[in-house]
1. Pick from the stretch 415-433 the residues that are of a type in the set (A, V, I, L, M) and within 16 Å of ligand 3 (Cβ to nearest atom): which of them is surrounded by the fewest Cβ atoms within 10 Å (Cβ to Cβ)?
2. If only one of Asn178, Asn159 is closer than 21 Å to His392 by Cβ and in contact with a Pro (Cβ under 8 Å, 6 or more places away or on another chain), which one is it?
3. Consider Ser339 against the criteria (1) within 16 Å of ligand 1 (Cβ to nearest atom); (2) among the polar types (S, T, N, Q); (3) within 30 Å of Asn406 (Cα to Cα): it satisfies all of them except one. Which criterion is unmet?
4. Considering each of Gly120, Gly149, Gly158 in turn, give the residue that is touching a residue at least 60 places away in the same chain (Cβ under 8 Å), small (Gly, Ala, Ser), within 15 Å of ligand 3 (Cβ to nearest atom) and surrounded by fewer than 24 Cβ atoms within 10 Å (Cβ to Cβ).
5. May I ask you to say which residue of Ala221, Ala241, Ala255 is farther than 23 Å from Pro145 by Cβ and not charged (D, E, K, R)?
6. Name the one entry in His399, His426 that is within 16 Å of ligand 1 (Cβ to nearest atom) and not small (Gly, Ala, Ser).
7. Leu363 - would you say it is within 16 Å of ligand 2 (Cβ to nearest atom), closer than 21 Å to Val92 by Cβ, surrounded by 23 or more Cβ atoms within 10 Å (Cβ to Cβ) and at pLDDT 95 or above?
8. Among the listed residues Ser56, Ser15, which satisfies the condition of being buried (at least 16 other Cβ atoms within 10 Å of the Cβ) and in contact with a helix residue (DSSP H, G or I) (Cβ under 8 Å, 6 or more places away or on another chain)?
Amino acid sequence: FGSVATQIQRNPSFSTLNSDDVDHFKKILGEKNVIQDEDRLLTANVDWMGKYKGSSKLLLQPRSTEEVSQILKYCNTRCLAVVPQGGNTGLVGGSVPVFDEVIINVGSMNHIISFDEVSGILVCEAGCILENLDSFLVNHGFMMPLDLGAKGSCQIGGNVSTNAGGLHFVRYGSLHGNVLGLEAVLANGTVLDMLGTLRKDNTGYDLKQLFIGSEGSLGIATKVSILTSPKPSSKNLAFLACKDYLSCQKLLQEAKRKLGEILSAFEFLDSQSMELVLTHLEGVRNPLPPSIYEFYVLIETRGTDESYDKEKLEAFLLRSMEGGLIADGVVAQDINQASSFWRIREGLSEALVKAGAVYKYDLSLPIEKMYSIVEEMRLRLGQSEKVLGYGHLGDGNLHLNISRPNYDDSVLAKIEPFVYEWTSKHRGSISAEHGLGLMKANEIHYSKSPQTVQVMASIKKLLDPNGILNPYKVLPHNILYPEA
Ligand code: FAD
Ligand code: MLT
Ligand code: ZN
């Protein structure tokens, strides 16, 4: 495991779980939703990367908002710390306990409450899995406004709590815009009904925004109202190679101009990322001649007119090829080929985990500067380390990953704080979309001013005075626990 958690002391003001607590939870939830089984706890205690590990003795699975409310009210009175967990696909150690926090998973709250075909507004419980929501919507001719590699396991409550970005952000935008309403339960059990279904509502402070991206530190999301989009009937995907990063940038600029309203994804990976995927994922193949190109770009279009969209994309690709921005490329001929192209890009996280240890950074940077950090990191770490760059180029979001067989503190010391200082110097963000979790709680100051962090801490104190909700995450230790 990584070494992050070992530097933290358990907050002594939290109680330790006893048998009376367990009996009480059984009264609220029934025996079978109070999990003490070792195997199931083992899974729930470890994050998706196998990097962060807690030692919780209890997993609770509420089936209603009322049950969530009763659990939290009890935990707050007893000062029992909790960690809200969704699909446990988070990449910053936010979804697993650090010590013995009680795990609360709303996965059984997975019902669709309503769908309005006129407005496209979907209301559902927070435990719904993203892919299931998308499958439900397809039957109505709609789609979710977000898509990510973890769609098969992540829950909409987890997506909202991390303000997940994903592959279609460039077209459909942030959950801060698409989430229209939220129901959340506060630490003391109060149910906050903010479950509006209106596009426009300027009646005072928009409190739901606080919960979007708060990573379970302010409340547990129980219901979500979200704006979905009509599913476009025509989809195209091009897998392209570029000779250098400047060409990728220019290609993006051109794509925004020339593809305009039909552009739905603009993703990139470098040759080191390609090599890693090919090495570690079975059945993945580079559709272009191997080992020649430095950068690969995926451009997706979604529209309503198949022949118009195809013509538009082909004309754009032809011009870009003639202009030297594209070195080579192929357009997917069917759905299977399109998913094999996406597999290369979406499979990167899995390939990194298969390759061993990974130091993962998720940076927002000015696009023209974005790849320089990868190059500088390579120089800094030397030839023996694998430094990968990929991500959501269209959004200025780089995923910088250092892949190695095992974790090594001397390598980590060369990466951090350098990577954060560099990002801060270029006025970037140290978390574009993954959140801060445990990994970056103490690093928030690289992207937020001291005054801003203080206001965040005051909000945390107001909504969760005992600090029981997802402790040790998001906010720095010295601010959360000044007496420690
Ligand atoms: P979890 O991992 O279980 O939890 C994440 C955080 O949210 C934790 O802090 C947890 O306490 C909190 N939380 C979960 N549920 C609730 C709730 N109901 N109420 C309050 N707090 C809650 N992220 C992106 O942004 N873009 C991507 O493209 C992307 N791609 C990914 C691809 C792969 C293969 C993987 C493994 C991860 C990817 N991620 C991506 C990261 C991750 O999937 C997202 O952050 C996702 O939104 C997390 O959802 P989850 O249900 O798994 O939440
Ligand atoms: C992605 O874009 O692939 C995800 O954010 C996951 C990752 O960074 O590995
Ligand atoms: Zn991403």
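The values are calculated or read from the model by the stated rules, or taken from the named source; none is laboratory data. This structure is a prediction, so every number in the text was calculated from the model and none was measured. When we count neighbours, we look across all protein chains shown, and the Cβ atoms used for this are built from the backbone with ideal geometry, even at glycine.
1. Ala432
2. Asn178
3. Status for Ser339: all satisfied but (3).
4. Answer to the selection: Gly149.
5. Ala241
6. None of the other options fit; the residue is His399.
7. Spelling it out, Leu363 is indeed within 16 Å of ligand 2 (Cβ to nearest atom), closer than 21 Å to Val92 by Cβ, surrounded by 23 or more Cβ atoms within 10 Å (Cβ to Cβ) and at pLDDT 95 or above.
8. The match here is Ser56.
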